Structure formats: C-alpha cells, structure tokens
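To start, the structure under review is shown below, and the notes come after it.
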Amino acid sequence: MTTTNKPDDVIHLSSFIALLWSRKILIIVIALVVGAGAYLYSLTMPNIYRSEVITIVPNSQSGPSLSGLGDSLGGLVGLAGLGGGDSAKLRLEQVEELIRSRSFLQGFIDKYEIKPELYAATGWDESTNTTIYDPELYDANTGSWVVREPTEWQLYGLFLEAMQVTILFNKNMLKLNIDHVSPHVAQQWATWLIDELNAFYRLRSAKEASESIQYLENAVEKTDFIFMRDVFATLLEEQIKNDMLVEVKSEYAFETLAPAILPESSSHPKRTLIGIIGLIFGGLLGVIIASALGLKHRLKKD
C-alpha cells in the first residue's frame with residue numbers, strides 16, 4: 001500500500017485564514033489609511049452642482065388644419081410648405097443631434113460669453129455667490145486671460161462634458177442636465193439652452209411661415225378659378241394663424257414640465273462613496289501585503 005505525501009509548500013485555506021487573522025491589525029491599519037487618504041483627497045476636489053430641466057414636445061407642432069380639403073391638394077400643400085409641422089419624434093431626433101453640434105454650442109458660448117466659467121472656473125463662494133477662477137488662467141478683476149484664450153475646440157469639448165442629454169422618445173420628453181462648480185451657473189445654462197432651442201425652432205418656423213404666406217398671397221392674386229382662390233384663401237388664413245402662434249408662443253417647440261431649479265447640494269464628488277471604495281481597496285492591499293509577509297516568513301523558516 002502506497003501513500004502520497006502532500007508537498008510542504010501547499011498552503012491550505014485554513015492556514016491562509018490563520019495567517020490573515022494573525023496580521024489583522026496590519027490589514028485594518030492599511031485599509032483605514034488608504035480609505036482615509038481617498039476621503040481626504042476627495043475633499044480637495046471641487047463640489048459639482050447639477051441642474052436639470054425636463055421638457056415635453058407636443059405630438060404635432062401647430063400647422064394649418066387641412067382636413068376636408070381633399071387628397072388631391074396634397075401636392076399643392078407640400079409645394080406651399082404647409083405640411084403641418086414636425087412630429088414629436090422627428091423633432092426629438094433632430095434636437096438630439098442639434099444640441100450636441102459644434103455650431104449650436106459655439107454660438108451658445110459666444111452669445112452668453114461663458115468662456116471664463118467654462119474654462120477657468122474652479123469653485124464657488126457661497127457667501128458672495130461668486131464663481132472662483134484659477135488665477136493662473138483668468139483674472140476676474142480685469143476680465144482678461146492670463147494665458148492664451150482657449151480655442152473653440154477646447155470650449156466645445158468642455159461643454160459636452162458638462163452637459164447630459166436624455167431623450168425619452170416614448171414620452172416625447174427631453175431631459176437636460178448641466179454640471180458646474182456654481183449652482184447658479186448650472187441653473188442658468190440649463191434654462192438658456194432650452195430658450196435657445198425654442199428660439200431656433202421659432203426662427204425656422206417663422207421663416208417657413210413667411211415663405212408660405214408669400215406663396216399663397218401670390219397664388220390668390222394669380223388664379224382665375226374661384227374654387228382655387230377659396231382654397232388658397234383658406235390655406236393663407238391658417239398659415240397666418242400659425243405665424244401668429246410662432247410670434248407669441250415663447251415655448252414653441254419645447255414646453256417646460258420641470259424648470260431648472262437651483263441645486264442646494266452638490267451632486268458629486270460622492271465623498272463617502274470614495275472613502276468606502278478606498279477602504280475596500282485598502283483592505284485588499286492589506287491582504288496582499290500580509291500574504292507576502294507570511295510567505296516570506298515561511299521561506300526564511302524553511
């Protein structure tokens with residue numbers, strides 16, 4: 001009868017647990033040090049505030065009511081540009097690309113002159129409600145750049161990082177989040193962005209309405225058929241109503257359900273979570289160090 005002897009260098013689970021237990025103080029100390037270090041590091045990170053605005057797009061934008069005019073006028077209606085407006089889904093698909101486009105965001109940055117807040121802001125003074133800037137980048141007292149003014153590409157990339165857009169097609173909703181070191185700036189930017197989207201579509205619709213009205217007015221004057229003149233007059237009346245709606249309705253394309261509010265607390269960094277993650281990694285590091293020391297001690301003993 002033969003017996004197989006197990007190698008001496010095999011470390012059993014019970015022995016490993018006993019090894020860790022014998023060095024539990026070391027593991028705990030390392031975990032606490034790393035966790036505390038991670039938490040202290042998070043304290044050096046600036047508070048970031050998030051402001052959110054929620055809007056809804058109507059199922060169909062206002063346009064001429066063409067019911068009862070007959071399918072035979074479909075070509076005429078299309079020629080006049082009176083298709084009845086964009087659907088909500090189409091508008092959301094458009095704005096999903098528009099709001100992230102460089103031309104739109106660059107125009108937004110230039111119009112509201114937010115380059116310093118976007119590139120050089122490092123914090124927010126709650127007592128004076130003022131944005132704190134990096135003095136090595138921007139001099140807030142003189143309103144001038146200490147270094148070379150950031151390029152359009154740099155500003156565009158930073159704005160994309162600060163903005164989060166969520167499209168809910170099944171609910172015809174658009175959610176827009178803006179992150180910034182100043183809660184007031186975050187609220188302003190979120191509100192301004194929705195205003196600019198509405199202004200963009202109002203301007204486009206106003207241009208289309210003006211062109212359609214001009215076409216229909218010419219058509220009414222030139223046609224000799226009474227029936228067609230009545231049709232053109234009806235279309236013209238509806239288009240004028242639509243043009244008036246574009247002029248008076250500020251929230252033409254996106255109706256605000258939940259306006260951007262002033263955030264009272266920062267959204268990140270989540271310092272407690274950072275500390276917990278540091279504690280976990282510290283514990284793992286402690287286990288590795290304790291195991292290495294135990295193995296070294298065993299090799300010396302052998």
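The values are calculated or read from the model by the stated rules, or taken from the named source; none is laboratory data. Note that this is a predicted model, so its numbers are computed, not measured. Don't worry about glycine lacking a Cβ; one is built from the backbone with ideal geometry, like all the others, and counts go over all protein chains shown. Heavy atoms of the whole protein, side chains included, go into the accessibility calculation; ligands, DNA and RNA do not. Shrake-Rupley method; radii C 1.70, N 1.55, O 1.52, S 1.80 Å.
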Relative contact order, percent, the stretch 84-163 [alpha-carbon distance under 8 Å, six or more residues apart]:
24
At 1.4 Å probe size, put D179, D195 in order of accessible surface, largest to smallest.
D195, D179
Inter-probe distance in nm under a simple model that places probes 7 Å from Cα toward Cβ, at T272 and L295:
3.8
List the residues whose amide H sits under 5 Å from the amide H of N47, counting only those 5 or more places along or on another chain, with H placed 1.01 Å from N in the peptide plane.
none
How large is the accessible surface of L90 in square angstrom, using a 1.4 angstrom probe and rounding to the nearest 10?
70
Could you work out how much longer the chain between A258 and I28 gets when fully extended? Use 0.36 nm per residue separation minus the Cα distance between them, nm to one decimal.
78.1 nm
Solvent accessible area, Å² - H268, 1.4 Å probe, full protein context:
60
Taking N as the number of residues in the stretch 107-172, what is its alpha-carbon radius of gyration divided by 2.2 N^0.38 Å?
1.38
Sequence ranges 134-143, 92-101, ranked by mean other-Cβ count within 10 angstrom, highest first:
92-101, 134-143
At R0 = 22 Å, FRET efficiency that the Cβ-Cβ distance of R100 and A199 yields, to 0.05
0.80
